[in-house]
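The structure appears below as structure tokens.
The values are calculated or read from the model by the stated rules, or taken from the named source; none is laboratory data. From a predicted model like this one, the values you see are computed outputs, not experimental measurements. Here the Cβ positions follow ideal geometry from the backbone for every residue, glycine too, while neighbour counts run over all protein chains shown. The protein model used for the area step is the full one, side chains on, heavy atoms only, and it has no ligands, DNA or RNA in it. Shrake-Rupley method; radii C 1.70, N 1.55, O 1.52, S 1.80 Å.
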Amino acid sequence: METWTFASASIIVKVLISILVIFSVIILITRISGLRTFAKMSSFDFASTIAIGSILASVVLNTNQSLLKGSIALGGIVLFQTFFSYVTRKSKKLDSLFTNSPVMLMYEGKILYENLDKTNVGEDDLIAKLREANALKFSEVRAVILESTGDMSVLHSSETTELDAKVLQGVKGIPDYVNL
């Protein structure tokens, strides 16, 4: 019998077997489909990772769930993710429809408040990322970019070198006065 603080030996054994089987399936799927399975390259990849985690938890914690059903669900999500990645890579129109573009939040030491508003990022969040990246002065910050994954990239240097235009490829919200 299972209670809030106790589980029978048979339930614990089922949970342990479920962990071994479902993690083996995840490792096998990852080996077949590649490391992108858990990469956070786009919001779709992030959603897929959350869905995989949800299925994993459901199968492991609910001893009434079928391991086969969980394995098929995992395989289906990864297969759809692979198909989606292929389609968006081949079609610029679908890529722009389904994938967020990176957005410039700060350029050459100046905060771009209009872009902060558009992306719903607070100034405090931006400054926290600057500290996390060990940026000591605003004047050292070449650019801060909100990536399509939701991560912030902080490009900084104490040298007065210019950014390569290629580094800013695909970034939206670059100020008009910047010549790239």
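Couple of notes before you dig in:
- Share of carbon and sulfur in the accessible area of the chain stands at 60%, probe radius 1.4 Å.
- Centre separation in Å (Cα based) which lies between the range 120-143 and the range 25-102: 32 Å
- Pairwise label distance in nanometres, Lys172 with Thr5, each label 7 Å out on the Cα-Cβ vector: 5.4 nm
- When the Cα gyration tensor is reduced to axis lengths a ≥ b ≥ c, the ratio a/c is 1.5 or higher for the range 60-154, and with a/b above b/c it is classed as prolate.
- Helix 9-33 axis, angle to the chain major axis (alpha carbon atoms, nearest 10°): 50 degrees
- Across the chain, the mean sequence separation of Cα contacts (distance under 8 Å, 6 or more residues apart), normalised by length, yields a relative contact order of 19 percent.
- Bins of 10 Å, starting at 0 and running to the largest distance - Cα pair percent for the range 2-59: 20, 41, 23, 15, 1
- Between the helical axis of 43-61 and the longest alpha-carbon principal axis of the chain there is an angle of about 20 degrees.
- Taking the C-alpha atoms only, the angle from helix 67-90 to the longest principal axis of the chain is near 20 degrees.
- Integer Hz, Karplus 6.51/-1.76/1.60 couplings in order for the range 145-150, x for Gly and Pro: 10, 7, 6, 5, 7, x
- Accessible surface computed residue by residue for the range 1-158, with neighbouring protein chains in place and a 1.4 Å probe, gives 64 Å² per residue.
- The sum of -39500 (n - 2.57) across all DSSP H runs of n ≥ 4, divided by the residue count of the chain, sets its helix-only mean residue ellipticity at 222 nm to -17000 deg cm²/dmol.
- Zero-based 5 Å bins, Cα pair distances in the chain, whole percents: 1, 7, 13, 14, 12, 11, 10, 10, 8, 7, 4, 2, 1, 0
- When the trypsin sites (Lys or Arg not before Pro) in the range 1-58 are filtered for DSSP coil states and for at most 15 other beta-carbon atoms within 10 Å of their beta-carbon, the remaining sites are Lys40.
- Trypsin sites (Lys or Arg not before Pro) lying in DSSP loop within the range 111-180, provided at most 13 other Cβ fall within 10 Å: Lys137
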